[in-house]
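Chemist: Here it is: the structure, laid out below.
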């Protein structure tokens, strides 16, 4: 008689690296068009992927199986973000709206109309606040229980720290700011250059990475706005043309960074030295994410999600 646990593994099939893909990543397959955004759930059990096929898929990272598909988007999808407790998922699209989905059921529990094409969305720790950043620098935080707008900000990107106390935003004015997650009051604003800085930070909010859509370097900052270093030439120049950074993910302690680039490689950097530790080939890296426990990183490569275990 086969034990229940073994029977389950045999039924689902082994979730193993794809031997025929360069770099032997684990691969999640099912989207019909390029993936534009990915996010790990805080407990590392799920991964969400948003595609140009106008669907969001939730994947079980223990088995590699598709859990469910969330469809029904009117516009092109732009971003996904889990709440800190993992119970809700926010979905942004350029059709002037953001949706909030109950992860357990896949049902849409709230739809927010925004006066700007949505670039990024972020949920706070308990999923009661939703930050929406518009492509024209029109941002706002919405209180979902009361169905009201809590405060506005000027920004095209947004991310809450894991505890929800800090909201990181960046603006087309060439700045990024750390806001109080409840009041919107700016704690620190940093000027980087005259181009929109794209940003991410560790879950604790203590280390921030910034880059630009046309650049090849990644800058590192403390939560006080102090420069911590530069990943110089984080992606390579190709045929005398500048490639570009397409996404950055930071390990929980900020000591390592995953950098996706338009040069056909995704690189693991030490942020302390700084130096490249390892690299993997990809066809195109549209988005990058690191799991909250720092054990996995994911890359959106065309219509696939590719996963590697961090060394």
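Chemist: Take peptides 109-115, 122-128 and line them up by average Cβ neighbours within 10 Å, highest first, as a rough protection proxy. The partial results should precede the final answer.
Modeler: Working: 109-115: 14.6, 122-128: 21.0.
The packing order, highest mean first, is 122-128, 109-115.
Chemist: Ranked by Cβ crowding within 10 angstrom, fewest neighbours first, how are 52, 193 ordered?
Modeler: Numbers: 52 15, 193 12.
In order of increasing Cβ crowding within 10 Å: 193, 52.
Chemist: Based on the Cβ-Cβ distance from residue 194 to residue 277, what FRET efficiency comes out when R0 is 25 Å, to the nearest 0.05? Can you show the working numbers first?
Modeler: Details: r = 32 Å, r/R0 = 1.29.
For residue 194 and residue 277, the calculated efficiency is 0.20.
Chemist: Given the rule -39500 (n - 2.57) for each run of at least 4 DSSP H residues, summed and divided by the residues of the chain, what is its mean residue ellipticity at 222 nm, to the nearest 500 deg cm²/dmol? Write out the running numbers ahead of the final one.
Modeler: Details: 1 runs with 9 residues, N = 311.
After summing the helix terms and dividing by residue count, I get -1000 deg cm²/dmol.
Chemist: Given 0.36 nm per residue, what is the gain on full extension from residue 186 to residue 270 after removing their alpha carbon distance, in nm?
Modeler: Working: separation 84, 0.36 × 84 = 30.24 nm, distance 3.01 nm.
Result for the pair: 27.2 nm of gain on full extension.
Chemist: Pairs of alpha-carbon atoms within less than 8 angstrom and 6+ residues apart define the contacts here; what relative contact order does the range 119-208 have, in percent? Don't skip to the answer; put the middle values down first.
Modeler: Values: 230 pairs, mean separation 18.6, N = 90.
About 21 percent, as a whole number.
Chemist: On to the next question. Sort 197-208, 296-307 for me by packing, meaning the mean count of neighbouring Cβ atoms within 10 Å per residue, highest on top.
Modeler: My ranking of the peptides, most packed first, is 296-307, 197-208.
Chemist: Would any residue of the range 159-201 have its amide N under 17 Å from a label point 7 Å out along Cα→Cβ of residue 145? List them or say none.
Modeler: 164-165, 181-183
Chemist: Which order results if 277, 35 are arranged by neighbouring Cβ count within 10 Å, fewest first?
Modeler: Working: 277 14, 35 26.
The order, fewest Cβ neighbours first, is 277, 35.
Chemist: Mind telling me which of 46, 228, 167 comes out most flexible in a GNM of the chain, alpha-carbon contacts under 10 Å?
Modeler: Residue with maximal mean-square fluctuation among 46, 228, 167: 228.
Chemist: I need the calculated FRET efficiency for the pair residue 228 and residue 113, taking r as the beta carbon distance and R₀ as 30 Å, to the nearest 0.05. Please list the in-between numbers first.
Modeler: On the way: r = 39 Å, r/R0 = 1.29.
According to the calculation, E is roughly 0.20.
Chemist: Follow-up question, since we're still on this one. What is the distance, in nm, between label points placed 7 Å from the Cα along the Cα-to-Cβ direction at residue 65 and at residue 105?
Modeler: 2.2 nm
Chemist: Let me ask something else about it. Using the basic label-point model (7 angstrom from Cα toward the beta carbon), what is the residue 20 to residue 217 distance in nanometres?
Modeler: With each label point 7 Å from Cα toward Cβ, the separation is 4.3 nm.
Chemist: Sequence gap at least 6, Cα distance under 8 Å: using those rules, report the relative contact order of the range 158-311 to the nearest whole percent. Don't skip to the answer; put the middle values down first.
Modeler: Details: 399 pairs, mean separation 19.3, N = 154.
Here the relative contact order equals 13 percent.
Chemist: Return a whole-number percent for the relative contact order of the chain, with Cα pairs under 8 Å and 6 or more residues apart as the contact set.
Modeler: This gives 13 percent for the chain.
We did not get these values from a lab; they are worked out from the coordinates using the rules stated. Just so it is clear, the model here is predicted, and its values are computed rather than measured. Don't worry about glycine lacking a Cβ; one is built from the backbone with ideal geometry, like all the others, and counts go over all protein chains shown.
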